[in-house]
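What follows is calculated from the coordinates using simple rules that are stated; it is not laboratory data. These numbers come from a predicted model, not from an experiment. Here the Cβ positions follow ideal geometry from the backbone for every residue, glycine too, while neighbour counts run over all protein chains shown.
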Amino acid sequence: MRPRTCALLAFAECLIVASSCASNAQEVDILLRGGSVIDGSGSAAVVADVAIHNEKIVHVGDAADVEAAWTIDCTGLIICPGFIDLHNHSDRQVVRPATRAAVNYVTQGCTTIVTGNCGSGPVDTGAYYEKIDQHGAGPNVAHLIPQGSLRERVLGSGNIKPTDEQLTEMLQLSEKAMQDGAWGMSTGLIYVPSSYAPTEELIAIAKIVAAHGGIYASHIRGEGTVLLKSVDEALRIGREAQLPVHVSHFKSSGRDAWGLVREAARMIDQARKAGRTVTADQYPYIASSTSLGATLLPSSARAGGTKELIKRLDDPDTGSQLRTLISNAIVKRDNGNAVRIARYSPNKKWVGRSLTDIATSENRPAVEIAEEIIRGGGASVVNFSMSEDDVRHIMAIDWVATASDGRAYLPGSDRPHPRNYGTFPRKLAYYSIQEKVLSLEAAVRSMTSLPAEILRMTDRGLIQEGLAADITVFNVKELSDTATFDNPHQYAEGIQHVFVNGTPVVHNGKVTGALPGKALRFEGHKISPR
Ligand SMILES: [Zn+2]
């Protein structure tokens, strides 16, 4: 199916007709007629037509005077800006042929993804953007400087203090990335080697980013009982480097930390009142997902990677200390019930099951199962670590954006977190329409103009004349995230049409396979600081 091609052919014919009969009508590529427009600003829906021409939104309102090459009836449907996923991990997938269409994202209504998150991703932003421009992608891609990968490139993955020359090299690479159009930097301070950077080192890099108008986005040092201290560090970086701070996947993780995220939100409110720009994002689930190692062991125990970790496990002294740590962490996570294996290639039978469940059926202690997995190269896990009340409280805050923390996937035998397939429809259909945690307009804003504002992206995030034609059209009655923890490889339903730069990537609920997504380059120097 190639609707875009048809549209262009029809458009050419239309031009001939138009010029011969000297019509006064405005001619456009595509007209979305009669939908309810939720423009992304938080304003109430209004019935209007939206016209697309040359990749841009050219008209919003009554289109009686508009002549379109292709008209799509949107009666009864919501027309809103395409969703911007501030926290995405498709750095590798979006440059691979099999996954660059990011089908599990465009089917959620996503038109832009932000990569380089949690401190991990390509360091050379320019080369990465060129690859995307060369082959295209389903959604647009904006990139952050990944501080962990940057540090690894200059210093390796050990716990090393940089020399003056090494620090200068990190700063120069950051300067180059910002000149190449990165939107800011990200850290992943529970991950090696991002975690080895002291605050001062992060401030030094953040100052380079600040000079270009970029943001500091952080997976902070801890999301459990150390949450407040960790948010405080992020705020300090923002104050001292003078740049906006963004807390990624904002949450209280672990029962002993529940409620702390509300206090952290109050700290952020205070900083905002004092004039600082501070924001956060959240995925609408009570489970998180990362590696088993990062779930059960502190980063100091994981230093140097799996090989070093196995050496420590083999050592009689450190081995028994590590087993105690693992055992305590399992007890804290509902005795292992809260931790489910998402992907573990050495033993696929364990995938989708909790540590407790595996331990019971194998008649072995859970700590032994965890150790076997760690020795086997580790697994990714889904961890039911959050309070539903906390999730709802944070979701209702007007500086909290929606973001998936997932990546482009092809359906497979692993059991990844359903956020990869369902984040945006779930927030709209379940939390907004069904549970009324926030209005539909506010929910749409949290995934459109708010993330654009956070990034200082001025040409997307609203249904407004002159802006890029990144548009999602959905059916409120059919909208649903169908991906579950047991059956995650399920595309969302109810997303009717999705346009990326004016080209349909989803039409009538079907993926077109088009790759109109571009590398989006930040032009910070053109924006006055706020
Ligand atoms: Zn993260």
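Worth pointing out:
- Length available on full extension from residue 478 to residue 308: 0.36 nm per residue minus the Cα-Cα distance, which gives 56.2 nm.
- Share antiparallel - DSSP beta bridges, the chain, percent rounded to 5: 50
- Three-way shape label, segment 76-137, alpha-carbon gyration tensor, a/c 1.5: prolate
- Nearest-ten-degree value, helix 125-135 long axis tilted from longest Cα axis of the chain: 50
- Label-point gap, in nm, between residue 272 and residue 73 - each point 7 angstrom along Cα→Cβ: 4.3
- Pairwise Cα inverse-distance average, inverted: Kirkwood Rh of segment 319-393 (Å): 12.8
- With 10 Å bins from 0: P(r) over segment 168-242, alpha-carbon pairs, percent: 20, 53, 23, 3
- Radius ratio Rg over Rh of segment 23-63, counting only Cα atoms, Kirkwood formula for Rh: 1.01
- Out-of-range pairs (alpha-carbon distance over 30 Å; input 307/349; 273/436; 207/273; 131/427): 131/427
- Note on residue 430 and residue 199: the model spin-label points, each 7 Å out from Cα along the C-beta direction, lie 3.7 nm apart.
- The angle between the Cα long axis of helix 260-273 and the main principal axis of the chain comes to about 60°, on a 0 to 90 degree scale.
- Restricting the calculation to alpha carbons of segment 18-136 gives Rg and Dmax of 18.4, 58 angstrom.
- Debye intensity ratio I(q)/I(0), log10, segment 433-530, q values 0.10, 0.17, 0.20, 0.21 Å⁻¹ (C-alpha model): -0.36, -0.97, -1.20, -1.26
- Compared with the dominant Cα axis of the chain, that is its longest principal axis, helix 164-179 is turned about 20°.
- Cα-based Kirkwood hydrodynamic radius, segment 342-437, one decimal, Å: 15.8
- Relative frequency of Cα-Cα separations exceeding 33 Å in the chain, percent: 40
- Taking a point 7 Å out from the Cα of residue 388 in the direction of its Cβ, the residues of segment 238-266 whose backbone N falls within less than 20 Å of it are 251-262.
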